[in-house]
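Undergrad: I'd like to ask some things about the structure below.
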Amino acid sequence: MSEPRSKQFENIFYGLSNTPGILKLAPSGIGWKTSDSENIVTISAEEFKKMQWMRVARNYQLRIALKNGNAARFDGFNKDMFDAVRDLIRTNYKLQLETKDLSVRGWNWGKTEFQGSQLLFNINNKTAFEVPLSQVANSNLANRNEVNIEFTQPDTTEESQGKSKKSSMHELVEMRFYIPGTMIVKDENEENEKKEEGEEEEEEEDGEEMSAAQLFYETVKDKADLGQVSGEGLALFQDILLLTPRGRYDIEVFPTFFRLRGKTYDYKIQMAAVVNLFLLPKLDEVHELFVIGLEPPLRQGQTLYHFLVLQFKQDDEKELVLNIEEEDLKQEYGDRLLPRYECPIHEAVSAVFQGLTKKKINRPSTFTSKHEDVAVKASLKANEGYLYPLEKCFLFVPKPPTYLPFSEILSVTFSSLTKKNDLGGPRTFDMKFNMRSGTEFGFSSLNREEYEVLELYLRSKNIKTIKDTADETALSYSEFMKELDDDDDEVMPAAKRRKSESVDPDDEDSEMDEDFVASSEESDVAEEYDENYSGSESSEDEKKSKKKTSKPKSGKTG
C-alpha cells in the first residue's frame, strides 16, 4: 500500500468564487488559496464524510460532504485528473471517490431535498441542480402553492476580484417553485413527550395540516440564515414604518448586515450595499425621514428599490442599549458607536447605521424656501412629495425616491411660469433636470414663489438654468382689455381688413356695401323700416311712392 503524499492542482475554483487558485491535497486535509494568498481555505481530514466526482459547468468538480451537513466544492478539474485525485483520496483519507451523474433531461418538475445548507432539485433520483441556501436573501409565499426565492448579489469585495470578468457575467437573482398539495405537520415536542410517557401512537395522524408550499417556505427560512433568532444582533428596532417599500418591519442590525422582518417579506441586506444616508425633517413638522441608499438595490419581485425611506415621529424617544460588551464595542468600533443611546429614535437609528457603514449622514443644507422650509413641495408624474435641495444633490421623497447629484446635472429648465390672473389661475411652475446621461426628470406643481429661490440656489452651485418661455400662458383678462383700449387704432384697421376679406367677390351687393356712406343725421342704427331710413339711390322717388300708397289707409274707399 502506498504511503500518504501531497499534490497540488492549479486553476481550481472554490465554491462560487470567480478567482482560480491552487488546491493542495495533503494527508492532514485540504488547502486552497488564490495566487495573491488573500483568500485561504483549509479543511481538516477529520471533517470528511464522503467525496464525489461530477461534471459541472467549469469542467469537473470535487464535492466533499462534511460531517456537519455542509459541503465544499472545488471546480476546474480536467477529465484526465480523475485517476490522480482518486488515488490521493484513497491513500490519504481512506475514502472512495464516487462518480455522480447529473440529470440533463431539462425537465422543470421533480423533487426537492435539503442537505445541510444546500437545496437539491432531483429528477428521477438524479440531481439536476443545487441551490446554496447561504446565498438566499429573501423568500416569500407568492400564493398558496408558489414560493419565491431571491438571491443576494455579490459584495463589493467580491466585485473587486476579477472586475473585468464579472462585468460581462449574468447571475441568477430569483427562482420560483410551484408546490401543490397539503401535508400533516406534527409537533416534535409533543411526539417526544408521548414517547417518554410510553403512549402508543394512534392510527389516525394528529397534527396541523399545512400546505406543502408553506412547509417548503418555512424550511428554506430555517435552513438559510433568514430564520436566525432575533436578539443576536447589535440592535433591534421594532415596528418601524417604511414608506418605500410600504409596510411595517422589525429592523435587526448586525455588524456586517441588517434584516427587515415583515409579515410577508424578510430581507437580508449587506452593510456594504449602503451607499448613502439621509436624515431629513418632513415639512409637516411632525415626522422625520431617514433614507438609506442601496447599491445593489433591494429586489421585491420585478421591482427594484434603490432607497429605503423610514419615517419616525420627531418626539418619539426610546432608550437603546447595544447588545455588545463595552470593551468589545470600543475595540471594534472606537468612537463610532456608543453603548447606550437616550435620544429620539430617528437619531439613534441614524447614528447606528452611520457607525457601522462609516457613511456621512446628509442633512438639510443652507437652502431655505420662501416659506423658510428646507424643501419644496413638488410632484413627480402623479406622485406628490418633497424636493430637498441638499449640499451636493437634490433628493425627492417619498415615492419614488429620486437622487440627483449635482455632478450629473447638465442643466435645469424652468417652464410654465404662469401669472395669477383675475379668473383664479394657478401659481405654479415646472422644473426639468437634464442629466449628463441623457435622461430627464420632470417635476411639476411647484409654488411660483419658490422660483427665484431655486434659481438663485442653482446658480450658487454653478448649475446652468434655462427659462422656457415658449409655453407661457396669455395675459390676464384685465391686462388683455387694457391693451385693446391702448391699441385701438391698430386693432380696428385689422378688423376692417378681415371683414372685407370675408365678403364674397361674386356677390352683387358687395359693391353696394363698399360705396355705402352713412349720413351724419341718421340714428346710430338705421334699419330698413325706420322712418329716417334713406337709400343710396332715388330716395325722392321712393318717398313719393310711399305717400301715394298711404292715402287709401286713411281715406274713404270709393
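The values are calculated or read from the model by the stated rules, or taken from the named source; none is laboratory data. Note that this is a predicted model, so its numbers are computed, not measured. Ideal geometry is used to build each Cβ from the backbone, glycine not excepted, and the neighbour counts take in all protein chains shown. Note: areas computed on protein heavy atoms with side chains; ligands, DNA, RNA excluded. Shrake-Rupley method; radii C 1.70, N 1.55, O 1.52, S 1.80 Å.
Undergrad: If you take the residues of the range 14-32 that are among the hydroxyl-bearing types (Ser, Thr, Tyr) and in contact with a helix residue (DSSP H, G or I) (Cβ under 9 Å, 6 or more places away or on another chain), which of them is surrounded by the fewest Cβ atoms within 10 Å (Cβ to Cβ)? Show your work before the answer.
TA: Of all residues in the range 14-32, those among the hydroxyl-bearing types (Ser, Thr, Tyr) come to 14, 17, 19, 28.
Now restrict to residues that are in contact with a helix residue (DSSP H, G or I) (Cβ under 9 Å, 6 or more places away or on another chain): 17, 19, 28.
Numbers: SER17: 17, THR19: 15, SER28: 13.
Among those residues, the one meeting the criterion is SER28.
Undergrad: So which residues in the range 102-138 are hydroxyl-bearing (Ser, Thr, Tyr) and surrounded by fewer than 18 Cβ atoms within 10 Å (Cβ to Cβ), if there are any at all? Write out each step before concluding.
TA: Our first condition is that a residue be hydroxyl-bearing (Ser, Thr, Tyr); within the range 102-138, this holds for 103, 112, 117, 127, 134.
Matches in the range 102-138: SER103, THR112, SER134.
Undergrad: Among the numbered conditions (1) in contact with a Phe, Trp or Tyr (Cβ under 8 Å, 6 or more places away or on another chain); (2) over 25 Å from ASN138 (Cα atoms); (3) assigned to a strand (DSSP E or B), tell me where VAL291 comes up short.
TA: Going through the list (1) in contact with a Phe, Trp or Tyr (Cβ under 8 Å, 6 or more places away or on another chain); (2) over 25 Å from ASN138 (Cα atoms); (3) assigned to a strand (DSSP E or B), VAL291 breaks only (2).
Undergrad: Checking the conditions here, which among LYS419, LYS461 is over 27 Å from the mean Cα position of the chain (by Cα) and modelled with pLDDT of 90 or more? Can you show your working first?
TA: Details: LYS419 fails: modelled with pLDDT of 90 or more.
Just a single option satisfies the conditions, and that option is LYS461.
Undergrad: Condition first: open to solvent by less than 10 Å² (accessible area, probe 1.4 Å), touching a residue at least 40 places away in the same chain (Cβ under 8 Å) and under 17 Å from LEU308 (Cα atoms). Now tell me which residues in the range 393-413 satisfy that.
TA: Result: LEU395, PHE396, VAL397.
Listed here are the residues, each with its yes/no results for (1) within 30 Å of ILE179 (Cα to Cα); (2) open to solvent by less than 40 Å² (accessible area, probe 1.4 Å); (3) not assigned by the TED database to the domain that holds LEU404.
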{"residue": "GLN214", "(1), (2), (3)": "yes, no, yes"}
{"residue": "LEU242", "(1), (2), (3)": "no, yes, yes"}
{"residue": "PHE257", "(1), (2), (3)": "no, yes, yes"}
{"residue": "VAL291", "(1), (2), (3)": "no, yes, yes"}
{"residue": "VAL309", "(1), (2), (3)": "no, yes, yes"}
{"residue": "LYS313", "(1), (2), (3)": "no, no, yes"}
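Undergrad: Go through the range 234-281 residue by residue and tally those that are within 22 Å of VAL173 (Cβ to Cβ) and either part of a strand (DSSP E or B) or over 20 Å from the mean Cα position of the chain (by Cα) (or both).
TA: 17
Undergrad: Can you name the condition, by its number, that ASP75 falls short on among (1) over 30 Å from PHE177 (Cα atoms); (2) within 41 Å of the chain's Cα centre (by Cα); (3) in contact (Cβ under 8 Å) with a residue 60 or more places away in the chain?
TA: Going through (1) over 30 Å from PHE177 (Cα atoms); (2) within 41 Å of the chain's Cα centre (by Cα); (3) in contact (Cβ under 8 Å) with a residue 60 or more places away in the chain one by one, ASP75 breaks only (1).
Undergrad: Which of the residues belonging to the range 294-323 are in a loop (DSSP other than H, G, I, E, B) and in contact with a helix residue (DSSP H, G or I) (Cβ under 8 Å, 6 or more places away or on another chain)?
TA: Going residue by residue through the range 294-323, those that are in a loop (DSSP other than H, G, I, E, B) are 301-302, 314-316, 322-323.
Within the range 294-323, GLN314, ASP316, LEU322 meet the criteria.
Undergrad: Just give me the residues in the range 33-60 being open to solvent by 50 Å² or more (accessible area, probe 1.4 Å) and more than 41 Å from the chain's Cα centre (by Cα), in sequence order.
TA: Those that are open to solvent by 50 Å² or more (accessible area, probe 1.4 Å) and more than 41 Å from the chain's Cα centre (by Cα): GLU46, GLU47, LYS49, LYS50.
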